[in-house]
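First comes the structure, then the notes that go with it.
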Amino acid sequence: MNNQELIKEYGTPFYHFDISELKKRIEMMRGHQSDIGLCYAMKAGPYLAKYAAPYVDRLEVCSPGEYEICVRDGITPGQILVSGVNKTKESMRRILSLGGAEGLFSIESVRHFEILEEVARECADSEAFHLKCYIRMSSGNQFGVDKSLMDELIDRVIKSQYLEFLGIHYFSGTQKSVKKIEKELTELAAYGLELEVRLGAKISLEYGPGLGIDYFGNDSDASTTVDASYNEDYLIELMKLVDETGLRDSYSDITFEYGRYIAATCGRYFTSVADVKRNTETNFAILDGGLHQITYYGSMAGMKVPPIDHIAQKRADDKSSREDYVLAGSLCSVNDILVRRVKLPTLDIGDILCFNLAGAYSATEGIALFLSRDLPAIVIRDEEGTEILAREHIETNIYNGGYNG
């Protein structure tokens, strides 16, 4: 379907995810890091997990709910890394009951070690039973443990009858600068060699580079071409740093995990103009969506402009006639501003705005229940070009009004 057909079929607001573009994106990345494993951090877009799974080495899940999605999608447990800061005995028992022992686990605290060892002991059916574990090293945030505790946990896992030590897991954040990534890779390379000397063998590394996506154009310009090679230069620079820091020499095998960088380019968000008005010499376009449905990391409360396509519905799209607009949502809040100033062709009620680079986080990160607005539909175009309605428009008022039916 073309854009007009999609709009007619599904109605706004809705998200659209193109799996062919997702596949091309992953293939591009594979081409640059052929000897480094690829992990999809599914929190960036859980609805994409089953489509990404055939093309990546593993998926990282950070909650019991994400694991249940993988089970429903038929993703094999052996392809899943169970991460996350809040592990409980109950959730780990559930995961093991679903075949999770075939997969991988991250240990992010002493408590995690105790939980995993206990549930592994309960499930052990032979002396060969082990849960394969990474220990997550902290960068100073709430994830993982600091280096002073790493050695203790490594020793405890190695001595455990039920756990197997694979290596270290490290992620410090998203949208990181090249300088910060270089510092991390240098430190990780040195630490890997240090552990090799201490343990007598190289270990594995699971690393989240936090590679950025450039969401915004210049000033009020909304025209940006987005395809599967978007920001490819960032990945090229990352792989140069891998070479320069000698990271490969420090580990037996390496996997890089990405969420935003994999998913961002395959998604779009369609919303229609519900009203147009002019207040105190400022043009406002009121959209049937809002910031509860589309967010861009670093937007500075709408001060920056993401790539937006205007799809005219009533008149020819005259690009020579352009005006400045404030794009506001439907939440009846002064904070519901998607963009504070953007130059667009003259807008009419019913026109459609398509927000690009919406593949990562957009459908799950917003304050979806605020004001009891309906959830947007989710439409996925598979590799054969077939449009699949993955989620209909859903009323949220039933969740906010004490409904128990």
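Key figures
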| item | result |
| --- | --- |
| Rg/Rh (Cα only; Kirkwood hydrodynamic radius) as it applies to the stretch 7-46 | 1.15 |
| Two-site FRET efficiency, residue 35 against residue 68, from Cβ-Cβ distance with R₀ of 22 Å, rounded to 0.05 | 0.10 |
| Amide H partners (placed H, <5 Å) of residue 164, local residues excluded | 131, 132, 133 |
| Given 8/304; 89/304; 24/159, the pairs whose alpha carbons are separated by over 32 Å | 89/304; 24/159 |
| Nitroxide proxy distance, nm - points 7 Å out along Cα→Cβ at residue 240 and residue 225 | 2.2 nm |
| For peptides 135-145, 196-206, sequence by mean Cβ density within 10 Å, most packed first | 135-145, 196-206 |
| Cα shape, the stretch 266-400, gyration tensor, a/c 1.5 rule | oblate |
| Computed over the stretch 61-133, the ratio Rg/Rh where both radii use C-alpha atoms and Rh is Kirkwood | 0.93 |
| Computed P(r) (all Cα pairs; the stretch 208-294; 5 Å bins; percent) | 3, 9, 14, 16, 15, 11, 9, 7, 6, 3, 3, 2, 1 |
| Neighbour-count order for 88, 265, fewest beta carbons within 10 angstrom listed first | 88, 265 |
| Per-selection metrics, the chain (Cα): Rg and Dmax in Å | 23.2, 76 |
| Dipole in debye (nearest 20) - the stretch 19-264, about Cα centre, beta carbon charges: Lys, Arg +1; Asp, Glu -1 | 440 debye |
| For 16, 130, order by how many other beta-carbon atoms lie within 10 Å, fewest first | 130, 16 |
| Distance cut-off 13 Å, percentage of C-alpha pairs in the stretch 287-349 lying past it | 64 percent |
| Relative contact order [Cα under 8 Å, 6+ residues apart], the stretch 19-264, whole percent | 21 percent |
| Residue-averaged 222 nm ellipticity for the chain, from DSSP H runs of 4+ at -39500 (n - 2.57), nearest 500 | -8500 deg cm²/dmol |
| Sorted largest first, extent of the stretch 1-82 alpha carbons per principal axis (Å) | 42, 32, 18 |
| Enclosed volume per residue, in Å³, of the convex hull spanned by Cα atoms of the stretch 28-171 | 118 Å³ |
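FYI, it's all coordinate maths here, none of it is from the lab. For clarity, every value in this text was computed on a predicted model and none was experimentally measured. Cβ: placed from backbone, ideal geometry, glycine included. Neighbour counts: every protein chain shown.
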